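J.: Encoded as structure tokens, here's the structure I'll be asking about.
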Amino acid sequence: MMNIKESPNDLPSFTVTSPARTKTGRLRELLEEIEAAQTAGWRIEKIVEALRGQALDLSVDYIKNALKRLRAERRNGKNQKAVKTAESAPEKEPQPVEKSPGEKLGKRDGESGNGRISADGFRDPVPTFTRDIHRRINLDE
């Protein structure tokens, strides 16, 4: 008895995606379906063949690398940015007027500290350690 998935003309079916998007964007939309097809036992070659039917021309190596990147994005939570729509995004509060770099640190005029930023916006030079190698030290004292 022959398995249905292994008949030569049978391919997995996926949701139609917009051809205006990039290849990776379209794969991002279909990621759940592609993973479900792989779990169901479809070979990656057949999945690529089915995606070519949707005018999504991919090689096997491209889809493997893209799926690896998309899964890593999902693990790291980067995919949440792509899913968020403009309607669900919170309104941005108006930003207060920027203070000068010296004012941000609470620095007073004429005051200079280590690693502080001057009123002109430049970092004060870091004091350097110099060592006198010619000076003899009496260790017996």
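The values are calculated or read from the model by the stated rules, or taken from the named source; none is laboratory data. This structure is a prediction, so every number in the text was calculated from the model and none was measured. Counting neighbours? That spans all protein chains shown, and the Cβs are built from the backbone with ideal geometry, glycine included.
J.: Among residues belonging to the range 1-14 that are closer than 23 Å to Arg71 by Cα and modelled with pLDDT under 85, point out the one that is surrounded by the fewest Cβ atoms within 10 Å (Cβ to Cβ).
T.: Here is the first cut: in the range 1-14, the residues closer than 23 Å to Arg71 by Cα are 12-14.
After this cut, where a residue has to be modelled with pLDDT under 85 as well, the list is 12-13.
Values: Pro12: 19, Ser13: 11.
Taking the candidates together, the pick is Ser13.
J.: Please name all residue pairs, on different chains or six or more residues apart, with Cβ atoms under 6 Å, provided the first residue is in the range 13-27 and is assigned to a helix (DSSP H, G or I) and the second residue is surrounded by 10 or more Cβ atoms within 10 Å (Cβ to Cβ) and modelled with pLDDT under 90.
T.: Every condition considered, the pairs that remain are Arg26/Thr17; Arg26/Leu56.
J.: Follow-up. Scan the range 31-49 and give yes if some residue there is among the aliphatic types (A, V, I, L, M), at pLDDT 90 or above and more than 23 Å from Arg75 (Cβ to Cβ), otherwise no. Please lay out each step first, then the result.
T.: Just the residues of the range 31-49 that are among the aliphatic types (A, V, I, L, M), to begin with: 31, 34, 36-37, 40, 44, 47-48.
Those still in the list that are at pLDDT 90 or above too: 31, 34, 36-37, 40, 44, 47-48.
From what's left, more than 23 Å from Arg75 (Cβ to Cβ): 48.
The answer is yes, given that some residue of the range 31-49 is among the aliphatic types (A, V, I, L, M), at pLDDT 90 or above and more than 23 Å from Arg75 (Cβ to Cβ).
J.: Another one. Identify the residue in the range 28-43 that is among the aliphatic types (A, V, I, L, M) and in a helix (DSSP H, G or I) and, among all such residues, is nearest to Leu70 (Cα to Cα).
T.: Of the residues in the range 28-43, the ones among the aliphatic types (A, V, I, L, M) are 30-31, 34, 36-37, 40.
With the extra rule that they be in a helix (DSSP H, G or I), the set shrinks to 30-31, 34, 36-37.
Details: Leu30: 11, Leu31: 8, Ile34: 12, Ala36: 15, Ala37: 16 Å.
Only one residue fits best here, namely Leu31.
J.: Does the range 60-80 contain at least one residue that is modelled with pLDDT under 85, outside any helix (DSSP H, G or I) and either touching a strand residue (DSSP E or B) at 6+ places or on another chain (Cβ under 6 Å) or not small (Gly, Ala, Ser) (or both)?
T.: Yes, the range 60-80 contains at least one residue that is modelled with pLDDT under 85, outside any helix (DSSP H, G or I) and either touching a strand residue (DSSP E or B) at 6+ places or on another chain (Cβ under 6 Å) or not small (Gly, Ala, Ser) (or both).
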